[in-house]
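A short write-up of the structure that comes next.
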Amino acid sequence: MEPRPVVRLLPGRQKRLRAGHPWAYANEIAMSAEARALPPGTLVQLESADGQALGAAMFNPRALAAVRRLDTDPGREIDAGWLAGRLKAALALRKRLGVAPWCRVAHAEADGLPGLIVDLFGSVAVAQLNSAGMARLEAPLVEAIRETLQPEALVFRNDSAQRGLEGLETENRLVFGEVSGPIDLAEGGCRFLCDPLGGQKTGWFYDQRDNRAFAASLAEGARVLDLYAYLGGFGIRAALAGAREAVLVDRSRPALELAASAAGLNGVGERVRTERADVFAFLEAATPERFDLVIADPPAFVRSRKDLGAGLRGYRKLARLAAGLVAPGGFLLAASCSHNVTAEAFALEVARGLGQAGRTGRVLRMAGAAPDHPVHPMLPESAYLKAMVLQLD
C-alpha cells in the first residue's frame, strides 16, 4: 500500500474524534496548500496537530464535513475486503432483525460506511454513493456488494442532493444485471411494486416500515386517507388489515399506477381508490367527509436551513387540513423526513395545526425510522424521521 497523504487537525480539535465522532469539519482542518490540492475523496492518514495518528479517512477539501473517518487504524487497507467486512456485519444485523432481504442493508456512518446507502429488494440491490470518498471506491465497492449480497442486479441511484454538496454529478445507472420494469418487494405480508431506476430515492421507503405496521393495526373497519401515498405503503397495508376503504392521494401518475397494481396483487383492489392530485389542493377542496385514519407522510419540506421557517409553516398547515378530515375518535399519523427539523419543533407545529383546526386529542406514539436505519451515537441529528400518531376528539 502506498503511503497516504497526511491531513492534520488544528490544535485542540481532536477531542471529538477521539470520543468517536466520525467527522471533522473544514474549519477544524489545517488547510495547507497541499491539503487543498488533494482530489475530493482522497484516502488520507488523519493526525492531530501534534502528529498523533487518528485513523484512515476520506478527505474532501470542498465539503463542510471535510473528513469522514473510515477506520481508527491509520494503516488499514481500504479495499474490497474491508468494504465486504463492513457489509457482512450490516447484513448480519438485518438478518437478526428479521427484515432481510427486504431492507436497508447499509445506512452510511451508522454502519461504518460513510456516505453509502444500500437498499436490498430481494435479488436487486440499489446503492447511493453520497460522498466523494465512496465514489472513488466504486470498483472495490461493486466487488464487495457482489461478494456479500450476491444480487442478480445492482442499480446506482446517485441523484441525491448530498452529492451536490460533495461536488459530485448526479446519475442513475444499472451497474450489472437486468431490471426491465417494476420489481416486487415484500413487507408485512403485503406485496408491493417499486421502480428502482425511476422511482423516488432508491424506489421504496423502508424507514416507515414500523409506522406502517402501527397504522395498519388501527385500520380494521376504517376509512383510510393516505396522503402523499407514493406506492401505497400505508394505504394498502391498511386495506389488507381490514380497512373498508383506502383512498391514496399523490400527484405522480406512475406511482399511483404501481399502487393500484399492488392493491390488485394483494386482493384489495376493490377497497383501494387512487386519486391523482396535489395534496394541499386536494385537502383545501375536500368535502366535509371524514376518515377514521388519515396519514400525512410528505416529502421533506425543509431541504436546507434556509427553508426552515417556510417548512415549519407547511407542516402546521398540513396538520390543520388533515385534522379537519379526521372523524371524532379517529387517528392522524403525521410524519416529517426533514433532518433539519427537530422532533420537538415538528411536534409543536403539529400541535399548532390541531389548534387551528379546532381539534383536541392525545399523542399515542412518537417514533422514528425502522431499526434497519440505525443512528450513529455521535450523530443524533441523523435521526431524520419523525412520526406522530394522535387520536382526535
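The values are calculated or read from the model by the stated rules, or taken from the named source; none is laboratory data. From a predicted model like this one, the values you see are computed outputs, not experimental measurements. Cβ coordinates were reconstructed from backbone atoms using ideal geometry, including for glycine residues, and neighbour counts include every protein chain displayed. Areas reflect the complete protein model, heavy atoms only, side chains present, ligands, DNA and RNA absent. Shrake-Rupley method; radii C 1.70, N 1.55, O 1.52, S 1.80 Å.
What the table below lists for this structure:
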item	result
Set Glu220, Glu257: member being acidic (Asp, Glu), part of a loop (DSSP other than H, G, I, E, B) and farther than 20 Å from Ser336 by Cα	Glu220
Selected residue (criterion: least open to solvent (accessible area, probe 1.4 Å)) from residues of region 339-361 that are of a type in the set (Gly, Ala, Ser) and assigned to a loop (DSSP other than H, G, I, E, B)	Ala357
Residues within region 153-179 that are aromatic (Phe, Trp, Tyr) and exposed (fewer than 15 other Cβ atoms within 10 Å of the Cβ), tallied	1
Number of the condition not met by Gly221 [criteria: (1) in contact with a strand residue (DSSP E or B) (Cβ under 7 Å, 6 or more places away or on another chain); (2) modelled with pLDDT of 95 or more]	(1)
Hits in region 362-391 - residues which are assigned to a strand (DSSP E or B), in contact with a Gly (Cβ under 9 Å, 6 or more places away or on another chain) and surrounded by fewer than 19 Cβ atoms within 10 Å (Cβ to Cβ)	Gln391
Filter pass, Gly198 being modelled with pLDDT under 95 and under 30 Å from Val44 (Cβ atoms)	no
Some residue of region 155-171 being of a type in the set (Gly, Ala, Ser), in contact with a helix residue (DSSP H, G or I) (Cβ under 7 Å, 6 or more places away or on another chain) and at pLDDT 95 or above	no
Number of positions in region 277-303 that are touching a strand residue (DSSP E or B) at 6+ places or on another chain (Cβ under 9 Å), open to solvent by 20 Å² or more (accessible area, probe 1.4 Å) and within 20 Å of Trp204 (Cβ to Cβ)	2
Candidate set from region 205-231 (those that are more than 17 Å from the chain's Cα centre (by Cα) and small (Gly, Ala, Ser)); member that is surrounded by the fewest Cβ atoms within 10 Å (Cβ to Cβ)	Gly221
Matching entry among Pro5, Pro11 (being more than 23 Å from Pro380 (Cα to Cα), surrounded by fewer than 18 Cβ atoms within 10 Å (Cβ to Cβ) and out of contact with any strand residue (DSSP E or B) (no Cβ under 8 Å at 6 or more places or on another chain))	Pro11
Identity of the residue in region 260-287, at pLDDT below 95 and outside any helix (DSSP H, G or I), that ends up farthest from Ala322 (Cα to Cα)	Thr287
Hey, Gly314 in contact with a Pro (Cβ under 9 Å, 6 or more places away or on another chain), assigned to a helix (DSSP H, G or I), in contact (Cβ under 8 Å) with a residue 12 or more places away in the chain and surrounded by 15 or more Cβ atoms within 10 Å (Cβ to Cβ) or not	yes
Filter result (free of Cβ contacts under 8 Å to residues at least 60 places away in the same chain and at positive phi) within region 102-128	Gly112, Gly115
Among the candidates Leu154, Leu168, Leu141, Leu174, residue that is within 24 Å of Ile78 (Cα to Cα) and assigned to a strand (DSSP E or B)	Leu154
Search result, residues across region 99-111 that are surrounded by 24 or more Cβ atoms within 10 Å (Cβ to Cβ) and over 21 Å from Thr72 (Cα atoms)	Cys103, Arg104, Val105
Qualifying positions in region 112-152 - under 14 Å from the mean Cα position of the chain (by Cα), buried (at least 24 other Cβ atoms within 10 Å of the Cβ) and not hydrophobic (A, V, I, L, M, F, W, C)	Gly115, Asp119
Residues of region 15-74 that turn out to be under 15 Å from Pro3 (Cα atoms) and in contact with a helix residue (DSSP H, G or I) (Cβ under 6 Å, 6 or more places away or on another chain), as a count	1
Test: Leu43 is open to solvent by 30 Å² or more (accessible area, probe 1.4 Å), touching a residue at least 60 places away in the same chain (Cβ under 8 Å), of a type outside the set (Ser, Thr, Tyr) and in contact with a strand residue (DSSP E or B) (Cβ under 8 Å, 6 or more places away or on another chain)	yes
Candidates Arg96, Arg62 - the one that is touching a Gly at 6+ places or on another chain (Cβ under 8 Å) and either more than 16 Å from Leu129 (Cα to Cα) or surrounded by 14 or more Cβ atoms within 10 Å (Cβ to Cβ) (or both)	Arg62
Hits in region 201-218 (condition: at pLDDT below 95 and either out of contact with any Lys or Arg (no Cβ under 9 Å at 6 or more places or on another chain) or charged (D, E, K, R) (or both))	Lys201
